1. Could you please give the count of residues in the range 264-278 that are part of a helix (DSSP H, G or I), away from the ligand (no atom under 12 Å from the Cβ) and under 12 Å from the mean Cα position of the chain (by Cα)?
2. Just to verify a result, which residue in the range 304-315, among those that are under 15 Å from SER259 (Cα atoms) and part of a helix (DSSP H, G or I), is nearest to the ligand (Cβ to nearest atom)?
3. If only one of ILE281, ILE301 is in a helix (DSSP H, G or I), buried (at least 24 other Cβ atoms within 10 Å of the Cβ) and within 14 Å of the ligand (Cβ to nearest atom), which one is it?
4. For the range 392-424, how many residues meet the condition of being of a type outside the set (D, E, K, R), farther than 24 Å from ASP353 by Cβ and surrounded by 14 or more Cβ atoms within 10 Å (Cβ to Cβ)?
5. Restricting attention to the range 214-238, which residues are within 14 Å of the ligand (Cβ to nearest atom) and either buried (at least 20 other Cβ atoms within 10 Å of the Cβ) or assigned by TED's automatic domain parsing to the domain that holds GLY125 (or both)?
6. Checking the structure you have, find out if any residue of the range 254-276 is over 22 Å from LYS312 (Cβ atoms) and touching a residue at least 24 places away in the same chain (Cβ under 8 Å).
7. Name the residue, out of GLY66, GLY80, that is surrounded by fewer than 24 Cβ atoms within 10 Å (Cβ to Cβ) and touching a strand residue (DSSP E or B) at 6+ places or on another chain (Cβ under 9 Å).
8. Can you pull out every residue in the range 181-204 that is within 16 Å of the ligand (Cβ to nearest atom) and touching a Phe, Trp or Tyr at 6+ places or on another chain (Cβ under 7 Å)?
Amino acid sequence: MNFYNNILERIGNSPLVKINNLTKQYGIKAQVFAKMESLNPGYSVKDRIGVSMVDWAEKEGVLKPGGTIIEATSGNTGIGLALTAAVRGYRCIFVLTDKVSVEKMRYLKSLGADIVVCPSAAKPGSPDHYVATAKRLSLETPNSFYPDQYNHPENPAAHYRTTGPEIWRDTEGKITHFVASIGTGGTISGTGRYLKEMNPDIKVIGADPYGSIFKPYKDSGHVPEPTPYLVEGIGQNLPVGNADMSVIDEIINITDRESFNLARELSRKEGIFCGGSTGTIFAGALRVAKDLDENAVVVFIVCDTGEHYLTKFHSDEWMKEKLLLEPQTITANLIAETKQAGSPNDLIFVGPDEPVSSAVAKMGESGVTQIPVLENDASVGSLRESRVLTRLLEDRDLLNAPIRDIMEESFPVVDAGTSLDKIKSKLQRSPAVLIEDFKRITGIITRSDVLDLQQ
Ligand SMILES: Cc1ncc(COP(=O)(O)O)c(C=O)c1O
């Protein structure tokens, strides 16, 4: 029989996958490979340290049967620890911040863990900060183990023992550049140290969100005031024990916008469905690879799966709300679906055989200044309030005439997938465009709807 003794044996040995379409799109000559940590059983790079820190605690006698694991986590370390706890029969309590996606919270609960959520605005050292809360709970809970992933030597050691050797083996020692993010620093410090021991010329590059302290700290030794960013699991407010700056050659800052849009591109153009930190890392990998020739071999970490972020940056609505969507991804349907709250969603229209008075009444009631004329779900004309009123001033009897007699040409019709750029150019010449989906007019976009996008 061919089987694993338990799910933990399936952790590690993640494959390298070559990037093809995006390297071509960005004019990159170097070979770029994704190390697919999202294929671990808990779908992240942090499964590795979940097992290694628990192995250590069992060996040292810190964790005894029936014990409780308590950790501060952005979710993925919790998932790695919870998998281990499920297999070995421990209880888990994880302390998270309110920045963590609801998907990761539900996943942790499904694995049997209890979760405590702290405000992400709490400053490090304050009693309601998530790390301070985890420490306090571990002191109050008998027979508990607080791994402290930010300082536990088994975190980088797991990557030194496994991630580094796997990359060296799978590239046959040809790797020239390794790119990772820095959360606890375990991945980059452990993997980077192993690779540099094998070949000191290998460059180790950290990709970090703007707002995190790592880049200024590495470049100047100075710790600036951090500012908020949206990518989860990476960057810090303060230096951490496991982030060994001496292993890292360079840190590159990346914006939320670039991280999320590149993570989305990895899904769409390579089929690699990943989280936002992978987008940050891939952005760093592209910066590094841009100046390299075909002999260079760049390996970057795919930290976790996109499934953890379906309600966040993998949702067009969320991206639009945060003003992060690239204009070419904004489509006619998306604008119509997410029109400003409070505006009516149902399309307001008139028929060509209704009297003009009915159009005047509809425009007055709904506050619109133009209205499409539809017949059998197709657009046959349009009316603009100002022009109708001017005609009525001249001839009031027109109120009883059919709309067909005074209507103007139809607003331009676009299909549901039309991009914002195309819609904007049509709105130069017409006050509105109509959306057609499955041969039916389903919506209208006006100039003010586009202005509301604030892009
Ligand atoms: C989504 C995600 N990406 C990247 C990282 C960074 O890994 P490390 O803590 O090894 O620096 C984490 C860490 O929690 C994470 O959750």
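The values are calculated or read from the model by the stated rules, or taken from the named source; none is laboratory data. The shown structure was predicted, so the numbers you read here are calculated from the model rather than taken from an experiment. Here Cβ is always computed from backbone atoms with ideal geometry, including for glycine, and neighbour counts include all displayed protein chains.
1. Of all residues in the range 264-278, those part of a helix (DSSP H, G or I) come to 264-270, 276-278.
If we keep only those that are away from the ligand (no atom under 12 Å from the Cβ) too, we end up with 264-270.
This time we only want the ones that are under 12 Å from the mean Cα position of the chain (by Cα), so: 264-267.
The total comes to 4.
2. Of everything passing the filter in the range 304-315, TYR309 is nearest to the ligand (Cβ to nearest atom).
3. Details: ILE301 fails: in a helix (DSSP H, G or I).
Residue meeting the stated conditions: ILE281.
4. Total satisfying the criteria: 6.
5. If the condition is that a residue be within 14 Å of the ligand (Cβ to nearest atom) and either buried (at least 20 other Cβ atoms within 10 Å of the Cβ) or assigned by TED's automatic domain parsing to the domain that holds GLY125 (or both), then PHE214, TYR229, VAL231, GLU232, GLY233, ILE234, GLY235, GLN236 are the ones that fit.
6. Going residue by residue through the range 254-276, those that are over 22 Å from LYS312 (Cβ atoms) are none.
Among the residues of the range 254-276, not one is over 22 Å from LYS312 (Cβ atoms) and touching a residue at least 24 places away in the same chain (Cβ under 8 Å), which makes the answer no.
7. Values: GLY80 fails: surrounded by fewer than 24 Cβ atoms within 10 Å (Cβ to Cβ).
When all the criteria are applied, what remains is GLY66.
8. Of the residues in the range 181-204, the ones within 16 Å of the ligand (Cβ to nearest atom) are 181-195, 204.
Selection gives ILE182, THR184, GLY190, THR191, GLY192, ARG193, TYR194, LEU195, VAL204.
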